[in-house]
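The values are calculated or read from the model by the stated rules, or taken from the named source; none is laboratory data. What you see is a predicted model, and the numbers here were worked out from it, not measured in a lab. Heads up, the Cβs are rebuilt from the backbone with ideal geometry, glycines too, and the neighbour counts pull from every protein chain shown.
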Amino acid sequence: MCGRYGLTIDQEAIAIAYGVEVVLTKHEPRYNIAPSQEVPVLLDDRDGRRVTAFRWGLIPPSAVDPKFGYRTINARSETVSSRPAFRAAWREGRRCLILADGFYEWQAPPGGQGRKIPYWIQLDSGRPFGFAGLWERWRGDGAEILSCTVLTTDASKVLAPIHDRMPVILADPGAWNAWVDPDVPSQTLREMLEPFPSDGLKLRPVSTYVNRPENEGPECLAPPKDDIAEEGESEVLTLDL
């Protein structure tokens, strides 16, 4: 599962890191990106290759209300081709790269008593990467919303003690290019939807300051400290469908 993440580089660094000339969304470093927010994504279609912004939480065309997206921030890669909310986007190749340089997961304490411990997880190299994503276009009440979901898979060995699922991480330009190429059928990319190797990841506990979605800034990545702790993990309705 992926319910909170970060992209801690600025707009200029995004263009360099992901090799794009067109960045259509303004972005300042973000340390606590939450569901329903506008998030930077890499897209390649008839309008060209670019970084733009989609709402996190996929809203299928059949949804009667945009709030549907709160349930679909994640999509299980094993069933994405058959689930009604995602199958059209998968079949028709509406794929995007959701830009990130780390994500959070919460570990229950021994015995299940007390506050969960947040962990910041990133590539061992510290470089930016991307989550494999799908996107959709929803129209209703005179509005159009472009939205996306993060594909998930089984957790790698290093993350399994924290959670049994993890986002699908694409770490290099070759994988990015293949994933967003609209001419490549989705089914041929199934082999990408695997756990990222444990030896390519590093993780560390961080402050519970990150628990509240409204909290932002480098303080989210500070070492755990009781003096800035927040009670509990903020509840977010998510279905890893």
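Side notes on the structure shown:
Yes or no, residue by residue, for (1) buried (at least 20 other Cβ atoms within 10 Å of the Cβ); (2) of a type in the set (D, E); (3) in contact (Cβ under 8 Å) with a residue 24 or more places away in the chain:
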{"position": "A15", "(1), (2), (3)": "no, no, yes"}
{"position": "V23", "(1), (2), (3)": "no, no, yes"}
{"position": "K26", "(1), (2), (3)": "no, no, no"}
{"position": "Y31", "(1), (2), (3)": "yes, no, yes"}
{"position": "A53", "(1), (2), (3)": "no, no, yes"}
{"position": "P61", "(1), (2), (3)": "no, no, yes"}
{"position": "P66", "(1), (2), (3)": "no, no, yes"}
{"position": "R76", "(1), (2), (3)": "no, no, yes"}
{"position": "S81", "(1), (2), (3)": "no, no, yes"}
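- Condition check for K116: free of Cβ contacts under 8 Å to residues at least 40 places away in the same chain and more than 25 Å from P182 (Cα to Cα): no
- Filter result for G6 (of a type in the set (G, A, S) and farther than 29 Å from A155 by Cα): no
- Number of the condition not met by D47 [criteria: (1) over 23 Å from R212 (Cβ atoms); (2) touching a residue at least 24 places away in the same chain (Cβ under 8 Å)]: (2)
- Here M166 clears all of (1) in contact with a Cys (Cβ under 9 Å, 6 or more places away or on another chain); (2) under 23 Å from R49 (Cβ atoms); (3) not charged (D, E, K, R) except the condition numbered (2).
- Verdict on L203 being at pLDDT 95 or above, under 18 Å from the mean Cα position of the chain (by Cα), hydrophobic (A, V, I, L, M, F, W, C) and not in a strand (DSSP E or B): no
- Checking every residue in the range 61-68 against the condition of being of a type outside the set (D, E, K, R), within 20 Å of V184 (Cα to Cα) and outside any strand (DSSP E or B) gives zero matches.
- Restricting attention to the range 204-218, the residues being in contact (Cβ under 8 Å) with a residue 12 or more places away in the chain, over 11 Å from Y119 (Cα atoms) and not polar (S, T, N, Q) number 6.
- Against the numbered list (1) in a loop (DSSP other than H, G, I, E, B); (2) surrounded by fewer than 17 Cβ atoms within 10 Å (Cβ to Cβ), P35 comes up short only at (2).
- Considering residues of the range 150-161 that are more than 11 Å from the chain's Cα centre (by Cα) and surrounded by 19 or more Cβ atoms within 10 Å (Cβ to Cβ) only, the residue nearest to F131 (Cα to Cα): T153
- Among the residues of the range 182-199, those identified as surrounded by 14 or more Cβ atoms within 10 Å (Cβ to Cβ) and either under 18 Å from the mean Cα position of the chain (by Cα) or within 17 Å of L151 (Cα to Cα) (or both) are S186, L189, M192, L193, P195, F196.
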